């Protein structure tokens, strides 16, 4: 289990942006685009998995990373 807290999300986003060579806002926009693609996906499996994690709401990039990281089993 990863010892991850919601307050760590800003640090994680900054590290991800730096690793990708992007600004924080560009990195957040990229994650938001992935979220939007999942929400608007025509693939029933993608929609089912997204609803399982988030219900009918659209998460922020921070919530998305936190939830996916916590729920993914390694």
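The values are calculated or read from the model by the stated rules, or taken from the named source; none is laboratory data. For clarity, every value in this text was computed on a predicted model and none was experimentally measured. Neighbour counts are summed over all protein chains in view; Cβ atoms, including those assigned to glycine, are modelled from backbone coordinates with ideal geometry.
Here the stretch 15-74 is the region considered, the condition is being closer than 18 Å to residue 4 by Cβ and not in a helix (DSSP H, G or I), and the residue that is modelled with the lowest pLDDT is 74.
When the test is whether a residue is in contact (Cβ under 8 Å) with a residue 24 or more places away in the chain and loosely packed, with under 12 Cβ neighbours inside 10 Å, residue 10 passes it. Scan the stretch 35-46 for residues that are without any contact (Cβ under 8 Å) to a residue 24 or more places away in the chain, surrounded by 13 or more Cβ atoms within 10 Å (Cβ to Cβ) and within 15 Å of the chain's Cα centre (by Cα) and the total you get is 3.
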